[in-house]
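The values are calculated or read from the model by the stated rules, or taken from the named source; none is laboratory data. From a predicted model like this one, the values you see are computed outputs, not experimental measurements. All Cβ positions, glycine included, derive from the backbone under ideal geometry; neighbour counts span all protein chains shown.
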Amino acid sequence: MAKPPLLVTRHFPEAIEARAARDYAAALNPTDELWSGDAAEIIRRATAISAQGILCAAGDRLDAACIAGLPPSVKLLSTFSVGTDHIDLEAARARGIQVANTPDVLSFATAEIAFTLLLMAARRAGEAERMVRAGQWRGWSPTQLIGVTLEGKKLGILGLGRIGREMAGMARGFRMEVHYHGRRRLPPELEQGAIWHDSEDSFLAAIDALSMHIPGDAGNRHWLNAARLARLKPGAIVVNTGRGSTVEDAALIAALRSGQVRAAGLDVYDGEPMINPGYFALENVVMLPHLGSAAAETRDAMGHRALDNLDAVLLRGEAPPFPV
Ligand code: DGY
């Protein structure tokens, strides 16, 4: 049987590209050219090879116009991500194109980055590192760069899903009390003692640090706005490793300036890779470039999961194991 044509939008880890090239007539992107942000270019390339599958990633522009223009040969969009906000799922459904993603395998790594940001924000590690690198450290001082400890503090997890639950496990190791807010209370084996708040108000008022793990759906756009920031305890910490669109940057910047938010740790940004310039002038924000899943083991596992989805649909005519 001829290998099914596969469009690969980004440069993926070596083992993933090798497997893709072994099992598919794969059009790779070894130099990671950034055409994947251009819907017309995705259409052109998919049409040129009569792609049956597209191995894509977060940031690829698979909007309604792109999906409408894909050739009829396309059966599956397999995204190397758990998030699917870059894909117009309705448009894909309307065209009978399946969509699959890579859940679970990145939960721990993403929680590690959330916890890294939480620690860096609490202990002012970003500011401190910048000071040392700038050659401005004059020696130990009893009052220099005093942060706050996490021990005994209340961590509020917005979205106690797979990533949120890994974060909760890490927080328990730091003797934090875990709170969460979500539409439904989870069963005790998933809660692991975390305290559920059915109301946003009681959740925001109870916590010392907020870690955001909600998807970038339209309904979550700018969830963290001025009104909700005002309901946090003064001096709370905010961490976001979910999607940048869930935070209203101008409101968070104002809260960081006023001290209503002591410090923030961000891995994702509204409109990334563009970042609201207001953050750059603030010492009390730590910023990473969307590194949540960027661990070698995790990225390999994501790639294999994305290829497992493609294999099921394109090689065996079955449903993908991780459908969206
Ligand atoms: C995801 O999987 O959605 C991440 O944001 C990319 O690692």
Problem - Lone qualifier among VAL268, VAL324 - being within 13 Å of the ligand (Cβ to nearest atom), farther than 21 Å from ALA125 by Cβ and crowded, with 16+ Cβ neighbours inside 10 Å - result: VAL324
Handout entry: When residues of region 13-64 are limited to those that are of a type in the set (Val, Ile, Thr) and under 30 Å from THR241 (Cα atoms), the one surrounded by the fewest Cβ atoms within 10 Å (Cβ to Cβ)
Key = THR31
Problem - Search result, residues across region 1-43 that are touching a strand residue (DSSP E or B) at 6+ places or on another chain (Cβ under 7 Å) and in contact (Cβ under 8 Å) with a residue 60 or more places away in the chain - result: PRO4, PRO5, LEU6, ARG10, PHE12, ALA20, TYR24
Practice task
Give the residues of region 271-290 that are within 16 Å of the ligand (Cβ to nearest atom), among the charged types (D, E, K, R) and in contact with an Asp or Glu (Cβ under 8 Å, 6 or more places away or on another chain), sorted by residue number.
Solution key: none
Fill in the blank from the handout: Within region 114-124, the residues that are within 13 Å of VAL239 (Cβ to Cβ) and touching a residue at least 40 places away in the same chain (Cβ under 8 Å) are ALA114, PHE115, THR116, LEU117, LEU118, MET120, ALA121, ALA122
Completion exercise
Here the residues within region 276-298 that are closer than 16 Å to VAL239 by Cβ and either assigned to a helix (DSSP H, G or I) or β-branched (Val, Ile, Thr) (or both) are TYR279, VAL285, VAL286
Problem - Any hit, region 88-98, residues being crowded, with 19+ Cβ neighbours inside 10 Å and either outside the structural domain of ARG44 (by TED's automatic domain parsing) or in contact (Cβ under 8 Å) with a residue 60 or more places away in the chain (or both) - result: yes
Exercise for the section: Return yes when GLY182 is surrounded by fewer than 22 Cβ atoms within 10 Å (Cβ to Cβ), over 26 Å from PHE108 (Cα atoms) and away from the ligand (no atom under 16 Å from the Cβ) and no when it is not. Expected result: no
